[in-house]
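*Asks:* Here's a structure for you.
Derivation of every value follows stated rules applied to the coordinates shown; laboratory data play no part. Just so we're clear, the structure is a prediction, and the values are computed from it rather than from any experiment. No Cβ is skipped: glycine too gets one built from the backbone with ideal geometry, and neighbour counts run over all protein chains shown.
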Amino acid sequence: MPYIKVIHPDKATGRLAEIYQRVTGPNGQVDNVLQIHSLRPHTLQGHMALYKAVLHHPRNKLPTWFLECIGVRVSLLNDCAYCARHHSTGMLRQLKGDEERFEAYRKQLEQDQPGAPFTAAEQAALVYADKLTREPGAIGPDDIRALRNAGLKGGHILEVNQVAAYFAYANRTVTGLGVDTEGEVLGLHPDDSEEDWHHE
């Protein structure tokens, strides 16, 4: 149960109703993490713009399933069960329902240091995301050098950074305001077009 008042979609008016209409899923669902912004619709708009840009944008170069992995890892480190559950389901969807691959990756995300089947570059990205989550002030040039040595270019590094940073924000929104998954279908998300916010 949320710790603050939430305006549900059937009670929304004005700008909030317009934004809810943009993010509604096929079953009429507006995720609880989005409804928690209802008292300040402009923050919902900002949340969605950031979410869409870092996870579901057509110009991202890293595969969406791996961006979801970073989100799950950061959420596990931050003890955010809501985001870990939603984005594990999203990861499975991005892997086209391949349960065997999903389980292999999921098990590694729960380890102290994820290993194979993640590639060396993916493992380096997860190490960076871990450090950024646990010790953000300790990140330095050597951490970026390790990513480059693993084969990641500047744009890839930016994508990893932005996903880890987004989940730090989302995890704190969820845990700090008591958001839960009650009544939700897990793993719905917008497509990778630039403008569409509808969750499917």
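*Asks:* Which order results if Asp130, Asp10 are arranged by neighbouring Cβ count within 10 Å, fewest first?
*Replies:* Working: Asp130 18, Asp10 8.
Going from least to most buried by this count: Asp10, Asp130.
*Asks:* P(r) tail for region 74-157, what percent of Cα pairs lie past 22 Å? Before the final figure, lay out each step's value.
*Replies:* On the way: 1052 of 3486 pairs.
Tail fraction, whole percent: 30.
*Asks:* Okay, moving on. For Ser38, what residues show an amide H to amide H distance below 5 Å, using hydrogens built from the backbone and excluding near sequence neighbours?
*Replies:* Ile7
*Asks:* So what's the back-of-envelope 222 nm ellipticity for the chain, counting only DSSP H runs of four-plus at -39500 (n - 2.57) apiece and dividing by all residues, rounded to 500? Mind showing how you got there, number by number?
*Replies:* Numbers: 9 runs with 116 residues, N = 200.
For the chain, the value works out to -18500 deg cm²/dmol.
*Asks:* Subtract the Cα-Cα distance of Glu182 and Arg106 from 0.36 nm times their separation in residues, and report this length gain in nm to one decimal.
*Replies:* Full-extension gain reported as 25.1 nm.
*Asks:* Which ordering of Tyr3, Tyr105 is given by a fewest-first count of other beta-carbon atoms within 10 Å?
*Replies:* Listed from fewest to most nearby Cβ atoms, that is Tyr3, Tyr105.
*Asks:* While we're on this one: Pairs of alpha-carbon atoms within less than 8 angstrom and 6+ residues apart define the contacts here; what relative contact order does region 9-177 have, in percent? Before the final figure, lay out the partial values.
*Replies:* On the way: 152 pairs, mean separation 41.2, N = 169.
Relative contact order here is 24 percent.
*Asks:* Distance between Cα centroids, region 153-175 to region 66-135: provide it in whole Å.
*Replies:* 13
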